[in-house]
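The numbers here are math on the coordinates, done by the rules we state, and not lab data. On a predicted model such as this, the values are computed, not experimentally measured, just so you know. Here the Cβ positions follow ideal geometry from the backbone for every residue, glycine too, while neighbour counts run over all protein chains shown.
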């Protein structure tokens, strides 16, 4: 098949890459500000990984526990992020969350109610009060559908099933992006004045993960290669409860909502072991704590039949479970022949979320590249070393709006940056080099990488294992030069795998190098060879900058809390 | 466990009108679903095999196909529920892009025509309403947009009509049953939406992976609203009187 090298050029004020919660919320803000907007999304509209969010969205409405307010939400988030977060991002999140939730309701979302008709709130790990607004266990779906509808009735243009392969920047300024439209198999260049990355995380770096196919670190790699700084790459969250049996569904998420609704964890000796690890918060401690406890039980031989632990919600009764946790009921019934209203679930930790990502300015979501912005899981700084359940959906709405408005305002006052066409030609050549028949199969290399990451970069890390992972990565780097598949540009999964593998391997290297460097234990990053937290040395972010083909590592001190926030710790 | 033989319809209509079945042999792992088998083929035999998927957890509704002639989600159909020979076709209601991927974009065009949620004016914020009002709408809000109901709808498959299709009636039901929504969409469904074409064969309801009772709870009530709106003689009279300026 002759290779096509022509491309179509589109122009817009704001280009948004990613159509999950953050991307869609940003699109609404940017169109409302009068900008022209294109949303480029790797998946079909409405299929983003956000639909997998189950438990709810955290906002201190105080509907169930009137004592709750933004200050407590701030403190919970900041403390459980183990003092690595950017305080201003946490402050914005906690303060703006209630407005964004009520706004989503005005957009048409339906939340479950309290007996007196207000938005209902459920307890969740390490939130002091009942704070998660929810729609059964399908909160993410409700959020996406609501935003999707809003965007469908807005002037924003949607390019779905479009894979961005390169961000074009000139002298530290963003100029556009290039990619493949999978449905018609054509190349497209999108010129833009500002660009928002809302591409989510990198869970697919691991074999056992709750992440959908999209989470291959694309946005991080795109931004990084365009010059953006990456932050806290080593911080990867394991969700304490993923499915473990049968093998085909290993890693699939079991919502924290199960524990929020009263689910209890047991080991094979029928001991409610969380009482031992966390006498106060028990099953509802922060995710890093619960995940480590489960892992500890498993490696010390107190695991369940298939190498997990038991999660029991049967005492809540069939009617309640089906009403509050319908997806979980379906999931276990369909995939593992287990009726969770009568039997216990078997669960084990699964890679769930990346706290690291593109380093941004809190008040605008801007990066060090002029005109380049990031929001949601692709950005970093909000969750520090550990994300609280429910804060991710809040993140999408709060920072999606902020970033959409600031990217629009930037676009309004800027001109399109001119660039040389050679940048596009080089990218076309790069992409087409993967469609050479003689290349090696990318999937096998991806498998090797994922296997090694799951084995060596786990819940408990140490230098020996991390070095093994780094060696695997180094051995793969020369091999990826020879990958390729047959076929053309139209919906060619093998070609996508080639492109994604380049992003995965870059992300993997930065994750592992960060993890090796951070010689302490903090939040999700637990080192058996450095089990203590070292605030005197390590209250800093590890950052990476792409420098002429090299990955330069440096450090930035975490900003100290200002006085008005320092007081909070004493108040709450 | 023994291998299964999987036959998949391969085609790329933009390049050629020809299509063929290709058969693959796939080793079975416990609990495996059809999508796992397709992934196995992609990873080990033919990386160009096109399939749309996202979550592999029956939440996103991407991987619709016809498995042994039945419209299903590939991620929710276990191999142990099927025989040792399986045939997978793309869904038939939409044009094929490549292999198992179809072009479902017309659904997004229809979605634009449905008036969005429009709240009643003058209510005190934040709004208050009861759980029962949420529960009533919830059934329709679980729609994962897999388009299987559209796929089996014979009006869409076989007739040139303007009928939006069951998926969109579900959307309208979700909006109509929102306790704060203020718009009547029955006029739209009566005319532009072509709901009259539906003759309630319940095929859509039978394939919904979310078990939404599409015909019983969305289509029939919507048809009743249309009847009330357009054909009830007393209602029509009252409307006329109301419209008249005194």
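Summary table
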{"read-out": "Rg/Rh (Cα only; Kirkwood hydrodynamic radius) as it applies to segment A:241-350", "value": "0.93"}
{"read-out": "Proportion of all alpha-carbon pairs of segment B:180-242 beyond 14 Å (%)", "value": "64"}
{"read-out": "Rg in Å to one decimal, and Dmax rounded to a whole Å, for segment A:360-497 via C-alpha atoms", "value": "20.2, 51"}
{"read-out": "Scaled radius of gyration (Cα, divided by 2.2 N^0.38 Å) that the protein assembly as shown gives", "value": "0.92"}
{"read-out": "Acute angle (nearest 10 degrees) that the helix B:166-176 long axis makes with the longest principal axis of chain B, alpha-carbon atoms", "value": "40"}
{"read-out": "B:59, A:287, A:113 arranged by Cβ crowding within 10 Å, fewest neighbours leading", "value": "A:113, A:287, B:59"}
{"read-out": "Nearest 10 degrees, 0 to 90: helix A:21-32 Cα axis against chain A principal axis", "value": "60"}
{"read-out": "Distance between segment A:145-184 and segment A:510-550 - C-alpha centres, whole angstrom", "value": "33"}
{"read-out": "Simple label model, 7 Å out from Cα along Cβ direction - residue B:44 to residue B:182, nm", "value": "6.0"}
{"read-out": "Segment B:194-232 residues near the modelled residue B:243 label - backbone nitrogen below 19 Å, point 7 Å along Cα→Cβ", "value": "B:225-232"}
{"read-out": "Kirkwood-based Rg to Rh ratio, segment B:35-104, C-alpha trace", "value": "0.93"}
{"read-out": "Considering only chain A, percent of DSSP beta bridges that pair antiparallel, nearest 5", "value": "60"}
{"read-out": "Chain B - percent relative contact order, Cα under 8 Å, separation 6 or more", "value": "16"}
{"read-out": "Relative contact order (%) - criterion: Cα under 8 Å, at least six apart; region: chain A", "value": "21"}
{"read-out": "Potential lengthening between residue B:2 and residue B:123 on full extension [0.36 nm per residue; Cα-Cα distance subtracted]", "value": "37.2 nm"}
{"read-out": "Contour minus Cα-Cα distance for residue B:85 and residue B:15 (0.36 nm per residue)", "value": "22.3 nm"}
{"read-out": "Simple spin-label estimate for residue A:339 and residue B:130 in nanometres, 7 Å along Cα-Cβ", "value": "3.1"}
{"read-out": "Cα-only radius of gyration and Dmax that characterise segment A:33-90, units Å", "value": "16.9, 43"}
{"read-out": "Exposure proxy order (Cβ contacts within 10 Å, fewest to most) of A:550, A:150", "value": "A:550, A:150"}
{"read-out": "Per-residue average of Cβ from other chains inside 10 Å of A:331-337", "value": "4"}
{"read-out": "Gain upon complete extension [residue A:564, residue A:481; 0.36 nm per residue less C-alpha separation]", "value": "24.6 nm"}
{"read-out": "Stokes-Einstein D (µm²/s) once Rh is taken as the Kirkwood radius of segment B:106-242 over alpha-carbon pairs, at 25 °C in 0.890 mPa s", "value": "155"}
{"read-out": "Rounded to 10°, Cα long-axis angle of helix B:233-243 versus longest principal axis of chain B", "value": "60"}
{"read-out": "Residue mean of other protein chain beta carbons inside 10 Å, B:132-144", "value": "4"}
{"read-out": "Geometric extent, Cα atoms of segment A:103-230 - Rg, Dmax (angstrom)", "value": "19.0, 58"}
{"read-out": "Computed [θ] at 222 nm, deg cm²/dmol, the protein assembly as shown (DSSP H ≥ 4; -39,500 (n - 2.57); rounded to nearest 500)", "value": "-11000 deg cm²/dmol"}
{"read-out": "Footprinting exposure proxy for B:135, A:394 (fewest neighbouring C-beta atoms within 10 Å first)", "value": "B:135, A:394"}
{"read-out": "Two-site label geometry, residue B:105 and residue A:536: point separation in nm, points 7 Å out along Cα→Cβ", "value": "6.3"}
{"read-out": "Scaled radius of gyration (Cα, divided by 2.2 N^0.38 Å) that segment A:442-572 gives", "value": "1.36"}
{"read-out": "Rg/Rh (Cα only; Kirkwood hydrodynamic radius) as it applies to chain B", "value": "1.07"}
{"read-out": "Computed FRET value (nearest 0.05) for residue A:315 with residue B:29, which takes r as the C-beta separation and R₀ as 41 Å", "value": "0.80"}
{"read-out": "Per-pair calculated FRET efficiency, R0 = 35 Å: residue A:474 and residue A:170 via Cβ, rounded to 0.05", "value": "0.65"}
